[in-house]
Each structure stands twice: as C-alpha cells, then as structure tokens.
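Written below as structure tokens is the structure these notes are about.
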Amino acid sequence: MKVGRSSFGIRLLCVLWPSFLMAGVMEMLVFSVVDPHTLQWFGGAMIEWSSTAVYTLAFFAFWLIISTASALTQLLVTCPPDSFEERAPQL
C-alpha cells in the first residue's frame, strides 16, 4: 500500500509532534517552580530578559532536547527493510 507521504516525513512527524507536546509539559513543570525574574547567569549576574523571552527560549530548548532524544530512538529502532523481511515469520 503506497501512501502519499514519504517515510521520512512520517518519521519526522512521529518525532516532532510528541516532543512538541512534552516540551510544553516540561515548560509548565519547570516554570511552576522557577520564576523567570530570579534567573542568574553562571557568574551571578541577573538575566535581564522579559518573562516571555525566557519562556520562549526554554520551550525551544526543551523541544530541541526532547526531539533529539526521540530522533535517536527512532534511528536506533529502525531496521533495514531486507533484515526485517528475513526475520519475519513465514505464515
């Protein structure tokens, strides 16, 4: 059965959509405990960004980290088509 979408496009969506949702969950969990106005750089200087900027940057950082982990998982569980056919039980 041939589907209109490519296999790469489907895998990309299978990685990006769940990681998008989990980045939102992570942001809610982190910022329910951390106040963006109290964040400091490693040297001790206050981060003088707006709350929106901190929330946005954190969301994209969470999304990048989670999607990288999901993409690596997708890469590791992917079998070459010929090896899958060899291991499939014959009915």
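The values are calculated or read from the model by the stated rules, or taken from the named source; none is laboratory data. Only a predicted model underlies this, so the values are computations on that prediction, with no experimental measurement involved. Glycine gets a Cβ as well: all are built from the backbone with ideal geometry, and neighbour counts include every protein chain shown.
Brief remarks on what is shown
- Of all residues in the stretch 37-47, none satisfies being surrounded by 13 or more Cβ atoms within 10 Å (Cβ to Cβ) and at pLDDT 90 or above.
- Residues of the stretch 18-36 that are surrounded by 12 or more Cβ atoms within 10 Å (Cβ to Cβ) and not hydrophobic (A, V, I, L, M, F, W, C): 18, 19, 24, 27, 36.
- Index of the failed condition, residue 55 passing every other in (1) surrounded by 11 or more Cβ atoms within 10 Å (Cβ to Cβ); (2) among the aromatic types (Phe, Trp, Tyr); (3) not in a helix (DSSP H, G or I): (3)
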